[in-house]
Structures are given as C-alpha cells and as structure tokens.
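Notes to accompany the following structure.
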Amino acid sequence: MATRARPLSPHLQIYRPQLTSLLSITHRATGVALSAGSLLLVWGLVALAAGAEAWNQFAQLMNSFVGRLVVAAFVFALVYHWLNGLRHLAWDTGWGLDLKRAYATGWTLVVLAPVLTAIILWRMWT
C-alpha cells in the first residue's frame, strides 16, 4: 500500500504573526511580569515594616536608573494587562468579536498602553 505525503501540522514558522496573537502573547507575558513585580512590592512593604534604614535602602534602589526601569516596566505591565483585561471582558459579553472591531480595539490598546504608562510615570516622578 502506497502512502502519500501528508501535510505537516501548521506551526509558528508557517503563519505570519497577527495583531491578535501578538497581543495575546503580550498579555500572558505581562501577567508573568506582574507576578514577578508583586514580589518587588512585597519587598517594599517588608522594608517599610522593617524600619527607616531598610526603607531608605529600598527607596534608594528604586530611585536608581535600574530601579526606575523596573518600575516603568511594572507600570506598563499593569496598564497593558488591565486594558487588555477590559477588552477580554467586553469579548465575554459578545462585543468586539468581529475582526474589524477586534483589530480596532487592539490598535487602541497598542497606542493607549504606552501613553497611559508615560502619564502615570510622569505624575509619579515629577
């Protein structure tokens, strides 16, 4: 019996990345980042409870260049994850599932997340 060549299952090397898939991957990555960032938040609370010296060390680290990068990444992850979560809640009601609206809300998310992050960081650091 002759076997014919069957096509391989589709995989990431075949498909062109789409906005919806990239936003989904980013949503998962920001969820992981928020989990890691929550440890930083706990560290700050422990430092606050431990006294002025521990808090000053923590505050000094968070005000350094690296600390500000970490805070900026955490704020972006928080804003992005929250906005995309609202988008998913809308999808749960049946709104925005058509392709045109899914892309419109996706591009809105791509623009709004960095803008809101910048506004929040500006208000925090000025």
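So the values come out like this:
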{"quantity": "Residue match in the range 78-87 (condition: of a type in the set (Lys, Arg) and closer than 25 Å to Pro17 by Cβ)", "calculated": "yes"}
{"quantity": "Members of the range 99-126 that are surrounded by 11 or more Cβ atoms within 10 Å (Cβ to Cβ), more than 15 Å from the chain's Cα centre (by Cα) and among the polar types (S, T, N, Q)", "calculated": "Thr105"}
{"quantity": "Residues of the range 75-126 satisfying the condition of being in contact with a Ser or Thr (Cβ under 6 Å, 6 or more places away or on another chain) and aromatic (Phe, Trp, Tyr)", "calculated": "Phe76, Tyr80"}
{"quantity": "Ala33 hydrophobic (A, V, I, L, M, F, W, C), within 30 Å of Thr108 (Cα to Cα) and at pLDDT 95 or above", "calculated": "yes"}
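The values are calculated or read from the model by the stated rules, or taken from the named source; none is laboratory data. As the structure is a prediction and not an experimental result, all values here were calculated from the model. With ideal geometry, Cβ positions are generated from the backbone for all residues, glycine too; neighbour counts draw on all protein chains shown.
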